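Undergrad: Quick one: structure below, then a few questions.
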Amino acid sequence: MNVSSTLDAVTLYREGAVCERRAKVEVTGEPNEPVRFVGLPLSIVPGSVRARVVSGPPGLRVLDVRASWDVTLADEVDVPREQKALEKARDEASRLRLVLHGLEQEITELQALRPSFPPRAKREPPRGAPIASLVALAELTDGELASRLEQRRKVAKELDDADEAVELAERRLGEAGSARRTERARLMRSAVVTLSEPVAAPVELALEYQVPGARWAPGYALQLDKGLGGGSLRMRAVVGQSTGEDWTQVKLSLSTASLARRTDVPELKALKIGRTQPPTPRSGWREPPAGLDELFAGYDDAVSVSAPSPKGGTAVGEREKKRKKSSRPMPAKPMAQAVSAGPPPPPPPAPMRAPAGAPRA
């Protein structure tokens, strides 16, 4: 079931906005028939679509809501009828052009009308001016000229309309093909809402979704009194949006938060009621890890073979005696002890002697 919705409220953030639409559903025919919100903008974020029941029978709730696509194709065009309409529009435009041309010629002739007097012979006394004839000619010229100018104005307007009709008919005829019709298809987003039970009474649903392409910036206006003893500071908001929706007569709310930042509910620490207990003292001693002796067993065996102890025995034997005497094993540094009990450095090489009879350098 496709329902038409109206944009009711918008919450504008620093970057992006959350829009809320309201729609009324009368009665659904099938038990599990989904409700489709059509006419949504293309820029909606699919994962931000939410829906809820505003008013309706008790127990009714929204089970699922998901974003979808809608494609609306243009109507088919009757080619023969459009061709006839184009020819008719062209004939009307040609007729109006002829009428306008005739009016232009008549206006030019009326404007050229001037009274003329016959030449006067020499020594002939001056003649009286035909005032009545001049006034009659002026009245005739002015009346006919005003009538022709009014007709020219009307015909020029009709000719402009006829030219627009010709252009529209040519465009419709050019878009009559199936390829151009597909190009003129309109793509929109929609939201499919599944309800928990069939609707038997009018229900009002609300749909929320997030759209980018909108932001706002604060502006401040300071108005001071004449004596500069006080004033008023007003805060204004400059809103800009390119979401593809009309925000006229919409409840607008502003927020300084960011939609891109995740916000979680804070976890409150537990508060225990009672006497304060002293903190447990922390000891500086820590037991050595298990298997510490086996970690350096191979190295100790290699050292015991080549380095005898100065008191007799091997270095491994001396170390084992010390460990048995000590009740608390210390985290000794076996690497440093092994290096100190290592073999003595080899003696420097003897100088080479030249063979007998060889020349000296």
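Undergrad: Let me check I've understood the local charge: for GLU245, count other residues with C-beta under 13 angstrom from its C-beta, Lys and Arg +1, Asp and Glu -1. What total comes out?
TA: Its environment carries a net charge of -1.
Undergrad: Same structure, new question: When the accessible area of region 71-164 is split by element with a 1.4 Å probe, what percent falls to carbon and sulfur?
TA: That fraction is 56 percent.
Undergrad: Right, another one. Between LEU252 and ALA221, what FRET efficiency follows from the Cβ-Cβ distance if R0 is 25 Å, with the result rounded to 0.05?
TA: For LEU252 and ALA221, the calculated efficiency is 0.85.
Undergrad: Now for a separate question. Sort the following peptides by mean Cβ neighbour count (other Cβ atoms within 10 Å, averaged over residues), highest first: 240-249, 190-199, 132-141, 223-232.
TA: 190-199, 240-249, 132-141, 223-232
Undergrad: Sticking with this structure for a sec: Would you kindly state how much longer the chain becomes between ARG52 and ALA136 on full extension, computed as 0.36 nm times their sequence separation minus their alpha carbon distance, in nm to one decimal? Don't skip to the end; give the middle numbers.
TA: On the way: separation 84, 0.36 × 84 = 30.24 nm, distance 8.38 nm.
Result: 21.9 nm gained on full extension.
Undergrad: Let me ask another. Once you order the gyration tensor axes a ≥ b ≥ c over the Cα atoms, which shape class does region 8-156 get: rounded for a/c under 1.5, otherwise prolate or oblate by comparing a/b with b/c?
TA: It is prolate, given that a/c is not under 1.5 and a/b is the larger ratio.
Undergrad: I would also like to ask the following. With a 1.4 Å probe and all protein chains kept in place, how much accessible area does LEU173 have, in Å² rounded to the nearest 10?
TA: 40
Undergrad: Gain in length, SER147 to ALA260, computed as 0.36 nm per residue apart minus the alpha-carbon separation, to one decimal in nm?
TA: Contour length minus the Cα-Cα distance gives 33.7 nm.
Undergrad: Largest first, how would TYR13, TYR299, TYR220 line up by accessible area (1.4 Å probe)?
TA: These residues rank, largest area first, as TYR220, TYR299, TYR13.
The values are calculated or read from the model by the stated rules, or taken from the named source; none is laboratory data. On a predicted model such as this, the values are computed, not experimentally measured, just so you know. Cβ: placed from backbone, ideal geometry, glycine included. Neighbour counts: every protein chain shown. For the accessible areas, the whole protein counts, side chains as well, though only heavy atoms, and no ligand, DNA or RNA atoms are used. Shrake-Rupley method; radii C 1.70, N 1.55, O 1.52, S 1.80 Å.
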